[in-house]
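What follows is one structure encoded as structure tokens, with my remarks underneath.
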Amino acid sequence: MPDPLVVTRPARAPAPMITVALIWIAGLLATFLIDAALWMIAILLAFTFPAMWDAAKNRVSRLRLDDETLSWSNGVSEAQIPLDRIEHVSLHTGLDFSQRARIKLKTGEKTRIPADCLPPRRQLDAALAARGIPHTRSLFMR
């Protein structure tokens, strides 16, 4: 019996939060140093509110693959699928190097694992192979 694959990480990557901080710094500098119109800066900064709200909620993404189930949650969605219901898992790498996973169930239903829940590619491949779950990896989504 292989060990369960358990992946837990923040749902928000640090890079977007750094970008939001830089936008706020630029907005404040523009306001105080070059006397930019306050309403223009307010509109610019308003676009960062959803990202700030998401960071404030501090969501956590989780994926667990054990000998009986595949489950995940990311604060927005969650699912638990018994392994005996899975027909096939398709793993895709996009041209932007993003990872996607689609599960085809024996009933014909298809579902996707959210990208923020996915572990590193080799780790997921090894865990699926260890449990005998048929899977393929391709460069484009079909």
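The values are calculated or read from the model by the stated rules, or taken from the named source; none is laboratory data. The structure presented is a predicted model; accordingly, all values stated were derived computationally and were not measured. When we count neighbours, we look across all protein chains shown, and the Cβ atoms used for this are built from the backbone with ideal geometry, even at glycine.
Of everything in segment 95-116 that is of a type in the set (A, V, I, L, M) and over 14 Å from the mean Cα position of the chain (by Cα), the residue that is nearest to residue 71 (Cα to Cα) is 103. When segment 78-95 is filtered for residues that are at pLDDT below 90 and of a type in the set (A, V, I, L, M), only 95 remains. No other residue among 41, 81 is hydrophobic (A, V, I, L, M, F, W, C), surrounded by 16 or more Cβ atoms within 10 Å (Cβ to Cβ) and not assigned by TED's automatic domain parsing to the domain that holds residue 126 apart from 41.
When segment 10-40 is filtered for residues that are touching a helix residue (DSSP H, G or I) at 6+ places or on another chain (Cβ under 8 Å) and closer than 30 Å to residue 132 by Cα, only 11 remains. The lone criterion from (1) in a helix (DSSP H, G or I); (2) closer than 20 Å to residue 139 by Cβ left unmet by residue 102 is number (1). For segment 76-86, check the following and say yes or no: at least one residue is of a type in the set (Ser, Thr, Tyr) and more than 24 Å from residue 4 (Cβ to Cβ). No, that holds for no residue. Checked against the criteria, residue 70 counts as outside any helix (DSSP H, G or I), more than 15 Å from the chain's Cα centre (by Cα), closer than 16 Å to residue 7 by Cα and not charged (D, E, K, R).
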